[in-house]
Amino acid sequence: MLQFTNLSKTYDDGTQALKEVSFSVEPGEFLVVIGLSGSGKSTLLRCTNRLIEPTSGSITWDGLDITGADGAQLRTIRRRIGMIFQHFNLVKRLSVINNVLSGRLGYLDTWKSMLYRFDSEDQTRAFRALERVGLTEQTYKRASELSGGQQQRVGIARALMQQPEIILADEPVASLDPVLAHTILGYLERLNKEDGITVICSLHYLDLVQRYATKVIGLRDGRVVYRGTSEDIRTMTDAEFKDIYGQEAERVGAGLAARTPSSASPTGAPSSGSGSLDSGSTEGAE
Ligand SMILES: Nc1ncnc2c1ncn2[C@@H]1O[C@H](COP(=O)(O)OP(=O)(O)O)[C@@H](O)[C@H]1O
Ligand SMILES: [Mg+2]
């Protein structure tokens, strides 16, 4: 279990991005972090593998103190945590396969990683990772030649190379259109269900949250203002939603009102939660 206890982050300029954040994540969970832009989602995800140093509080992982880990321990921890980014973070001039292989760098000795020297086992692993995300035919293309959705699938394959126990996905579909959003989240869901990889993912759109999350944390101004299951969020009222999204709820909530079962039908008849993304997928379109 991953346990966040009173985690706070104050940046050098005084911005308090996280304030006493506490929650836990069970193994195999698909935890979604929601909240407006600036609410602290990226900071929280990046504190998890200490790409950002928390100011106070702790994160423990099955008794292992992530926040107190030294250099060598941190390297081992980071190996066990894969990461996927909104803008994919590929090396565009490199081939797809080399981008995927770079996910293995954390396992190599320094000199081997400097030479990009991967053994045949790693190469086999990379081919298999590409196969899993349906990109076998793109193996030797330059990353820059791929579409956005394909690039994010390379990002997933790269994370898989770490054989991670946790994947952190920071708004992994925010740069993609709604159909591609489901494709990408579908791959993440498969890794979550088939491999038991714990997923911690920030998402902007409520219908995606309803469809994929097993547990939800809502952040506002760096504080946890909501905790629930996907079932809870399916029946979330506009008032609760406003509580998370504050004064900007109007704008985001307009798309929500058209989509959630609770507001669409008085009986709260559940809908699939998919295929109705268009109204909410362009921020500020309403
Ligand atoms: N490097 C930084 N230095 C100072 N403030 C930052 C930095 N990174 C983020 N912030 C601020 O911290 C708050 C939370 O940001 P962030 O974690 O990026 O939120 P989100 O991912 O939800 O948009 C925001 O007010 C943001 O401006
Ligand atoms: Mg962010």
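The values are calculated or read from the model by the stated rules, or taken from the named source; none is laboratory data. Since we're looking at a predicted model, the values are computed, not measured. For neighbour counting, all protein chains shown are included, and Cβ atoms are generated from backbone atoms with ideal geometry for every residue, glycine included.
Within the range 210-223, the set of residues being buried (at least 22 other Cβ atoms within 10 Å of the Cβ) and either among the β-branched types (Val, Ile, Thr) or within 16 Å of ligand 2 (Cβ to nearest atom) (or both) comprises Val216, Ile217, Gly218, Leu219, Gly222. Scan the range 132-175 for residues that are in a helix (DSSP H, G or I) and over 30 Å from Met1 (Cα atoms) and the total you get is 10.
If you go through the range 19-74 and pick out every residue that is within 16 Å of ligand 2 (Cβ to nearest atom), in contact with a helix residue (DSSP H, G or I) (Cβ under 7 Å, 6 or more places away or on another chain) and closer than 27 Å to Arg211 by Cα, you end up with 7.
This table checks each residue for (1) in contact with a Pro (Cβ under 9 Å, 6 or more places away or on another chain); (2) over 26 Å from Gly28 (Cβ atoms).
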site: Leu135; (1), (2): no, no
site: Thr139; (1), (2): no, yes
site: Ala143; (1), (2): no, yes
site: Leu146; (1), (2): no, yes
site: Ile156; (1), (2): yes, no
site: Ala159; (1), (2): no, no
site: Ser175; (1), (2): no, yes
site: Ala181; (1), (2): yes, no
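Taking the range 174-190 as the range and being surrounded by 21 or more Cβ atoms within 10 Å (Cβ to Cβ) and in contact with a strand residue (DSSP E or B) (Cβ under 9 Å, 6 or more places away or on another chain) as the test, the residues that pass are Ile184, Leu185, Leu188.
Scanning the range 1-17 for residues that are surrounded by fewer than 22 Cβ atoms within 10 Å (Cβ to Cβ) and within 14 Å of ligand 1 (Cβ to nearest atom) returns Ser8, Thr10, Tyr11, Asp12, Asp13, Gly14, Thr15, Gln16.
Conditions (1) in contact (Cβ under 8 Å) with a residue 24 or more places away in the chain; (2) touching a strand residue (DSSP E or B) at 6+ places or on another chain (Cβ under 7 Å), marked per residue:
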position	(1), (2)
Gln151	yes, no
Ile156	yes, yes
Asp195	no, no
Gln210	yes, no
Arg227	yes, yes
Met236	yes, no
Ala239	no, no
Ile244	yes, yes
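Out of all the residues in the range 75-94, which are within 16 Å of ligand 2 (Cβ to nearest atom) and farther than 17 Å from Gln163 by Cβ? Matches in the range 75-94: Phe85, Gln86, His87, Phe88, Asn89.
One line per residue, one yes/no per condition, for (1) β-branched (Val, Ile, Thr); (2) touching a Phe, Trp or Tyr at 6+ places or on another chain (Cβ under 9 Å); (3) more than 13 Å from Val33 (Cβ to Cβ):
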position	(1), (2), (3)
Ile197	yes, no, yes
Cys201	no, yes, no
Gln210	no, no, yes
Val216	yes, yes, no
Asp221	no, no, yes
Thr229	yes, no, yes
Thr235	yes, no, yes
Ala239	no, no, yes
Lys242	no, no, yes
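Scanning the range 188-215 for residues that are farther than 20 Å from Arg234 by Cβ and in a loop (DSSP other than H, G, I, E, B) gives Gly196, Ile197. Residue count for the range 195-209 satisfying the condition of being away from ligand 2 (no atom under 14 Å from the Cβ), modelled with pLDDT of 95 or more and under 13 Å from Pro172 (Cβ atoms): 1.
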